[in-house]
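The values are calculated or read from the model by the stated rules, or taken from the named source; none is laboratory data. Quick caveat: nothing in here was measured; it's all calculated off a predicted structure. Here the Cβ positions follow ideal geometry from the backbone for every residue, glycine too, while neighbour counts run over all protein chains shown.
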């Protein structure tokens, strides 16, 4: 989508070359939010000072060679004291190792990486996060409220398979004053259904900017909804990455124009219409 054709100015705050740092961060807090979901707080002053909503970091999860590669994580939020947070699910060896770190331990973190969300100064906003796609939404919510100097008229839709994927984070989002709608596939928390059911049940203003992050089918559905209703939509695309800086070519993805993009360099945030969606 060409921003020059939109009447609403979008704040990018992104210089041509983004600063990147490799920091020896200190784990300052470990939270187990459910049996599978964890949140880590890391002292990373250089990364925190430069990070933008939608960017990510690459973390070395072991001191040795197994696992060899860093793992990518969305930046969950930052604070003015130089901390960053990551929110993740235990799905393999790397994330299992991270789930067992202790306060005071060091982690090597590379970032901030990628391009973040472009936030409107005045237009209404709807944020949609599903599953682990909820992770970058907290940082984005804070930035939306800051840029717009208030977000009480904006909407946040959070979805998951079950209560444990959504409920532990609700209180953090409630502090910002957005209208929050929660939904779960099994009906154990919030509305029974998925995020697109929610979108189809509410009426967003015609100039709404939609931000989405979540599983591929969810993002395809949100993209289709926005196209149908003429809404601008930015998506944060998830991808397996080996380096996070475009060297390995492992995060190539087909674009709508028939070419290819690197999720780590060209994204992870894209205009939804730029991508090819598979259901």
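Within the stretch 156-174, being buried (at least 21 other Cβ atoms within 10 Å of the Cβ) and over 20 Å from residue 40 (Cα atoms) holds for 156, 157, 158, 159, 160.
May I ask you to say which residue of 35, 31 is within 17 Å of residue 101 (Cα to Cα), in a loop (DSSP other than H, G, I, E, B), in the same structural domain as residue 97 (by TED's automatic domain parsing) and at pLDDT 85 or above?
Numbers: 31 fails: in a loop (DSSP other than H, G, I, E, B).
Every option except 35 fails the conditions.
Using the structure shown, decide if residue 52 is out of contact with any strand residue (DSSP E or B) (no Cβ under 6 Å at 6 or more places or on another chain), under 19 Å from residue 144 (Cβ atoms) and modelled with pLDDT of 95 or more. The answer is yes for residue 52.
For the stretch 131-151, does any single residue satisfy the condition of being assigned to a loop (DSSP other than H, G, I, E, B), outside the structural domain of residue 27 (by TED's automatic domain parsing) and over 20 Å from residue 181 (Cβ atoms)?
The answer is yes, given that some residue of the stretch 131-151 is assigned to a loop (DSSP other than H, G, I, E, B), outside the structural domain of residue 27 (by TED's automatic domain parsing) and over 20 Å from residue 181 (Cβ atoms).
Just one of the numbered conditions (1) touching a helix residue (DSSP H, G or I) at 6+ places or on another chain (Cβ under 7 Å); (2) in contact (Cβ under 8 Å) with a residue 40 or more places away in the chain; (3) under 14 Å from residue 77 (Cβ atoms) is not true of residue 137: (1). Residues of the stretch 239-252 that are buried (at least 17 other Cβ atoms within 10 Å of the Cβ) and modelled with pLDDT of 85 or more: 251 alone. Residue pairs whose Cβ atoms lie under 8 Å apart, separated by 6 or more positions or on different chains, with the first residue in the stretch 233-257 and touching a residue at least 12 places away in the same chain (Cβ under 8 Å) and on the phi > 0 side of the Ramachandran plot and the second assigned to a loop (DSSP other than H, G, I, E, B) and surrounded by 17 or more Cβ atoms within 10 Å (Cβ to Cβ), are 244/70; 244/114. Against the list (1) assigned to a loop (DSSP other than H, G, I, E, B); (2) assigned by TED's automatic domain parsing to the domain that holds residue 264; (3) in contact (Cβ under 8 Å) with a residue 12 or more places away in the chain, the condition residue 102 fails is (2).
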